[in-house]
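Have a look at the structure below, then the notes.
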Amino acid sequence: MPPESVSTLVSLSDRTPTITGAEIVTQLVPPRQFAEASLENYRPDPAFASQAEAVAAVTAFGGAGPDAPRRGLFRKKPAAPAVRPGLYLDGGFGVGKTHLLAALWNRTPGRRYFGTFIEYTALVGAVGYAGAASQLKGAALVCIDEFELDDPGDTMMMTRLLGDLADDGTRIAATSNTPPNALGEGRFAAADFLREIQGLSDKFLTLRIDGDDYRRREVEARAHVVDDVDAAAAGLGGTVSLDDFDGVVAHLATVHPSKYVKLVDDLDAVGLRDVHVLTSQVDALRLVAFVDRLYDAQIRVVASGTPLDHVFSDEMLAGGYRKKYLRAVSRLVALTSL
């Protein structure tokens, strides 16, 4: 934006958003940066053959007819992957999984839904299991981005929901940084729920996508830091939130993650003063969910203090939520570089 731009400054801490089940459903579409995503404008890295293979697999899956046989949703190395009703794209950060998922959504006719894992669990929380299943029933396609199971309740609920939808003829496509047979590993007693987790794994044709993080290929691989957030925020133009980092962390604890999308609604940028390394894993996980919503909306972040790619402690990065934190780091690098 031009230097003479003047921002309208607001505070995230003053926002107490609400969201209804109907609003969640209307938002089950790809993030705006993927509105035009297609298989044609996906750029496979020639150094990683699995990316071109993924394009071919998504093409085949997208061409599967509604009357295709449904013997198991996601079996590895099936004889005829095009007729399987489920597809699971497993891979690292920034290899284009969400682009491919959105491209599939864009090329699929009929009623379809696209949301993150947390948005589907939020829908269940807002209208109950029966209400969510009724809303999604009959859809041609349900896309689940950032599939992750962090507790037994989510495992049981998503297993049941996916099974019911598949039995009714809905095709399901998902992305994650974790293979389906490892979901929940390191975060709860996965062995106690092996049957349910295996049930999810059996529903998907799993495709591994290798590659480098395009966000780190295209920008400096470090989150940018400014000395004076107030001055930077004031000159950005548009509507900019400006808060102390500790204040935002505290406020996130008072807002359900399903409402974070409304928390950042209409913002052009977010300013954070005095960022520091987090010591609470609960706070860190809330920040991950918040960063996901910022990234979906492509909201710029300006911050002072500790670079945001160092906000998660070494202990956190070595634990069971490592992949969540690394995804957030990758996205924060991109958002501070907009």
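The set of residues in the stretch 5-19 that are in contact (Cβ under 8 Å) with a residue 24 or more places away in the chain and open to solvent by 70 Å² or more (accessible area, probe 1.4 Å) comprises Val6, Thr8, Leu9, Thr16, Thr18.
Does at least one position in the stretch 297-305 carry a residue that is assigned to a loop (DSSP other than H, G, I, E, B), hydroxyl-bearing (Ser, Thr, Tyr) and in contact (Cβ under 8 Å) with a residue 24 or more places away in the chain? Quick ask: steps written out before the conclusion?
Taking the stretch 297-305 first, the residues assigned to a loop (DSSP other than H, G, I, E, B) are 298-299.
Remaining after also requiring hydroxyl-bearing (Ser, Thr, Tyr): none.
Scanning the stretch 297-305, I find no residue that is assigned to a loop (DSSP other than H, G, I, E, B), hydroxyl-bearing (Ser, Thr, Tyr) and in contact (Cβ under 8 Å) with a residue 24 or more places away in the chain, so the answer is no.
Pairs linking a residue in the stretch 222-250 that is without any contact (Cβ under 8 Å) to a residue 40 or more places away in the chain and within 19 Å of Val277 (Cβ to Cβ) to a residue that is of a type in the set (Val, Ile, Thr) and part of a loop (DSSP other than H, G, I, E, B), with Cβ atoms under 6 Å and 6 or more positions apart or on different chains, do not occur. Checked against the criterion of being modelled with pLDDT of 80 or more, open to solvent by 30 Å² or more (accessible area, probe 1.4 Å) and within 21 Å of the chain's Cα centre (by Cα), the candidates Asp246, Asp227, Asp274, Asp210 yield just one match: Asp210.
Test Val261 against the criterion of being in contact with a helix residue (DSSP H, G or I) (Cβ under 9 Å, 6 or more places away or on another chain), aliphatic (A, V, I, L, M), in a helix (DSSP H, G or I) and buried (at least 19 other Cβ atoms within 10 Å of the Cβ), and give yes or no. So Val261 passes the test.
So is Ala139 open to solvent by less than 40 Å² (accessible area, probe 1.4 Å), over 24 Å from Arg208 (Cβ atoms) and modelled with pLDDT of 85 or more or not? So that I can check it myself, show each step before the final result.
Numbers: open to solvent by less than 40 Å² (accessible area, probe 1.4 Å): yes; over 24 Å from Arg208 (Cβ atoms): yes; modelled with pLDDT of 85 or more: yes.
When the stated conditions are applied, Ala139 passes them.
Name every residue in the stretch 27-49 that is open to solvent by 80 Å² or more (accessible area, probe 1.4 Å), under 19 Å from Gln298 (Cα atoms) and not basic (Lys, Arg), in order of residue number. The answer is Glu36, and nothing else. Condition first: closer than 15 Å to Thr206 by Cα and modelled with pLDDT of 95 or more. Now tell me which residues in the stretch 69-124 satisfy that. Passing the criteria: Leu100, Leu101.
Beta carbons closer than 7 Å, at least 6 apart along the sequence or on distinct chains, pair a first residue in the stretch 142-163 that is of a type in the set (A, V, I, L, M) with a second that is modelled with pLDDT under 70 and open to solvent by 10 Å² or more (accessible area, probe 1.4 Å) for Met156/Glu196. Yes or no: the stretch 252-269 includes at least one residue that is farther than 24 Å from Ile19 by Cβ, touching a residue at least 12 places away in the same chain (Cβ under 8 Å) and of a type outside the set (D, E, K, R). So far as the stretch 252-269 goes, no, none of its residues is farther than 24 Å from Ile19 by Cβ, touching a residue at least 12 places away in the same chain (Cβ under 8 Å) and of a type outside the set (D, E, K, R). Each residue in the stretch 270-295 was checked for being touching a strand residue (DSSP E or B) at 6+ places or on another chain (Cβ under 8 Å), in contact (Cβ under 8 Å) with a residue 40 or more places away in the chain and of a type outside the set (A, V, I, L, M, F, W, C), and 3 pass.
If you go through the stretch 310-333 and keep only what is surrounded by fewer than 20 Cβ atoms within 10 Å (Cβ to Cβ) and under 22 Å from Pro31 (Cβ atoms), you end up with Lys323, Leu326. Residues that are open to solvent by 60 Å² or more (accessible area, probe 1.4 Å) and either farther than 30 Å from Ile144 by Cα or modelled with pLDDT of 75 or more (or both) within the stretch 213-224 comprise Arg222, His224, listed in sequence order.
Within the stretch 6-49, the residues that satisfy the criterion of being modelled with pLDDT of 90 or more, closer than 27 Å to Asn106 by Cα, of a type outside the set (A, V, I, L, M, F, W, C) and in a loop (DSSP other than H, G, I, E, B) are Gln27, Pro30, Pro31, Glu36, Ser38, Glu40, Asn41, Tyr42, Arg43, Pro44, Asp45, Pro46.
The values are calculated or read from the model by the stated rules, or taken from the named source; none is laboratory data. As the structure is a computational prediction, the values presented were derived from the model and not from experiment. Don't worry about glycine lacking a Cβ; one is built from the backbone with ideal geometry, like all the others, and counts go over all protein chains shown. These area figures cover heavy atoms from the full protein model, side chains too; ligands, DNA and RNA do not enter into them. Shrake-Rupley method; radii C 1.70, N 1.55, O 1.52, S 1.80 Å.
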